[in-house]
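Undergrad: Before I ask anything, let me first share the structure, which is written out below as structure tokens.
The values are calculated or read from the model by the stated rules, or taken from the named source; none is laboratory data. Here the structure is a predicted model, which is why all the values come from computation and not from measurement. In this analysis, Cβ positions are derived from the backbone assuming ideal geometry, glycine residues included, and neighbour counts consider all displayed protein chains. Each accessible area value is taken on the protein alone, full model and side chains, heavy atoms only, with ligands, DNA and RNA left out. Shrake-Rupley method; radii C 1.70, N 1.55, O 1.52, S 1.80 Å.
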Amino acid sequence: MVSNQEETKGNFNIELSMFGLNRKDGDEIDTVEEEVPKHLNTINSSGGFLVVSSDKLSVQYTNVSLHGHDVGVIQGNCPAPSKILVYYFEIYVKNSGTKGQIAIGFSSENFKMRRQPGWEANSFGYHGDDGLLYRGHGKGESFGPTFTAGDTVGGGINYASQELFFTKNGELIGTVYKDVKGPLYPTIAVHSQNEEVNVNFGQKPYVFDLKAFTLEERLKQQMTIERISLPHNVSHGIIRSYLIHYGYQETLNSLDLSSRSTLSPVPVAQENGSTEQEDGYALGHRRTLRQLIRSGDIDAAFEKLREWYPQIVEDENSTICFLLHCQKFIELVQVGDLEGAVKFARAELAKFFENASLVVILKTCVALIAYEEPLKSPVGYLLGMSQREVVADAVNAMILTTNPEAKDAHSCPRSHLEKLLRQLSACCLERRHLNGGQGEAFHLQRVLENVKGG
């Protein structure tokens, strides 16, 4: 995304990071996929005391255990992913051997591979022979039942609560606080002759209902939020403020009509440092311009801007003119007038190639004419209604900055609702930072999908 700021007569910096033409629907921050454990690490293990199958998903203890450090320990091929809500894996105890000294847990990268998980610092282990939980030292604590041949045992990390949890045969056994902030590897240990376990890193369905557990954790978060006390009808006021901000006058009128007899007005805008009169500035003009841009009539939108707000478009090299010209080009491609689009690009868009900060967006836009079927191309999203909305939002923001009564022109691009969402995102990221960079970031689309699914 290009990040460019251009000074206008209203001393307002318009950020192309908000109104760029190369922004696809559904784009989110923090979408880089993390590596997920898929098999056991045969290189970093106590190889002299265990044998790993060719698929690296089964391990067997083949020696006779003579000492406490004669442990067959092995980790997953990479640490558990940490930018998610919950991580989980399972083992199936195929053979409990002579003593059933099998353990499942998590350990750090520098864990000594001759010790049971939980016996050393930065490690945790749930042990099958005594049902004890070990966390960082050799003294176990009462935790759960023992497990043996035929049992399926699981270990997981709940990043929301910063806890580890363990399961047996599909049932949750218990949780323990995760006091290690760094990466943790899923870890397995076998410690007596013929002990054998099979590992499931998600290649097949888990015995434990991980989906239900994750949903329950999300519901816990939602309930925590819902317990927060808010002013009466505050959501109604925020929605109304949003409609006013973006000039959706018809929807605003319908909302007012439907709620007139049931809701009392809430001065949300005033609480946020502005008045409804300020937010409602030029509402009729902004509505008309949005309708023109949404219908693809960019020429008419330009005419109205020159008539009503000439200061916005008097500089033909301004960012707002650039966005409108790009949209005009897109509309020509939309109706199949490729010859007209090329002529328009030469006449109006070519000059913007001199601005290095606009080149990426410009090339993305012009790329539409390179495809026989632009709508099906990688830049086909530009032909959708959402792109018209992007340009309409930019025009709307610029008009709001012309309000002589505006207390802070720099805050005009975003409504109160969007400011709240930005603050929420910042708080969630800060919480994740305090947890060592672990846990989910806030994504509105994911929240909405979860609510719909619930």
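Undergrad: Does region 375-386 hold any residues that are closer than 21 Å to L292 by Cβ and surrounded by fewer than 20 Cβ atoms within 10 Å (Cβ to Cβ), and which are they?
TA: Of everything in region 375-386, those that are closer than 21 Å to L292 by Cβ and surrounded by fewer than 20 Cβ atoms within 10 Å (Cβ to Cβ) turn out to be L383, G384, M385, S386.
Undergrad: Also, I was wondering about something else. Just checking, how many residues over region 309-330 are of a type outside the set (V, I, T) and out of contact with any Lys or Arg (no Cβ under 9 Å at 6 or more places or on another chain)?
TA: Summing the residues that are of a type outside the set (V, I, T) and out of contact with any Lys or Arg (no Cβ under 9 Å at 6 or more places or on another chain) in region 309-330 gives 11.
Undergrad: Next up: What's the total number of residues in region 117-146 that are open to solvent by less than 10 Å² (accessible area, probe 1.4 Å) and either touching a residue at least 24 places away in the same chain (Cβ under 8 Å) or assigned to a strand (DSSP E or B) (or both)?
TA: Residues meeting the conditions: 8.
Undergrad: Another question, then. Answer yes if at least one residue in region 57-77 is in contact with a Phe, Trp or Tyr (Cβ under 7 Å, 6 or more places away or on another chain) and closer than 16 Å to G154 by Cα, and no otherwise.
TA: yes
Undergrad: Tell me, which residue of region 97-107 that is modelled with pLDDT under 95 and touching a Gly at 6+ places or on another chain (Cβ under 8 Å) is farthest from G182 (Cα to Cα)?
TA: Result: G100.
Undergrad: Residue by residue through region 359-374, note down the ones that are outside any helix (DSSP H, G or I) and either open to solvent by less than 30 Å² (accessible area, probe 1.4 Å) or not acidic (D, E) (or both).
TA: Y371
Undergrad: Being charged (D, E, K, R) and in a loop (DSSP other than H, G, I, E, B) is the filter here, so list the residues in region 78-116 that pass it.
TA: K83, K99, E109, K112, R114, R115
Undergrad: Return yes or no: is A394 in a helix (DSSP H, G or I) and surrounded by 19 or more Cβ atoms within 10 Å (Cβ to Cβ)?
TA: Here the answer is yes, as A394 does meet what is asked.
Undergrad: In region 432-442, how many are closer than 16 Å to V86 by Cβ and part of a helix (DSSP H, G or I)?
TA: 1
Undergrad: Need pairs with beta-carbon distance below 7 Å; first residue closer than 28 Å to T251 by Cα and within region 211-240, second open to solvent by less than 70 Å² (accessible area, probe 1.4 Å) and small (G, A, S); sequence gap 6+ or separate chains.
TA: Here the result reads N233/S264; H236/S259, each pair linking region 211-240 to a residue that is open to solvent by less than 70 Å² (accessible area, probe 1.4 Å) and small (G, A, S).
Undergrad: To continue, here is another question. Given the residues A282, A341, which is the only one that is open to solvent by less than 20 Å² (accessible area, probe 1.4 Å) and more than 32 Å from the chain's Cα centre (by Cα)?
TA: None of the others qualify; the one that does is A341.
Undergrad: Is it fair to say G336 is among the small types (G, A, S), assigned to a helix (DSSP H, G or I) and surrounded by fewer than 20 Cβ atoms within 10 Å (Cβ to Cβ)?
TA: no
Undergrad: So, D256, is that one outside any strand (DSSP E or B), out of contact with any Pro (no Cβ under 7 Å at 6 or more places or on another chain) and open to solvent by less than 60 Å² (accessible area, probe 1.4 Å) or not?
TA: The answer is yes for D256.
Undergrad: Restricting attention to region 259-270, and to residues there that are over 33 Å from the mean Cα position of the chain (by Cα) and open to solvent by 40 Å² or more (accessible area, probe 1.4 Å), which single residue is modelled with the highest pLDDT?
TA: R260
Undergrad: If the Cβ limit is 7 Å and pairs must be 6+ apart or interchain, which residue in region 419-433 that is in contact (Cβ under 8 Å) with a residue 12 or more places away in the chain pairs with which residue that is surrounded by fewer than 14 Cβ atoms within 10 Å (Cβ to Cβ)?
TA: L421/L444
Undergrad: Follow-up. Only one of E348, E331, E405 is touching an Asp or Glu at 6+ places or on another chain (Cβ under 9 Å), touching a residue at least 40 places away in the same chain (Cβ under 8 Å) and either among the acidic types (D, E) or farther than 18 Å from R290 by Cβ (or both); which?
TA: Unique residue meeting the criteria: E405.
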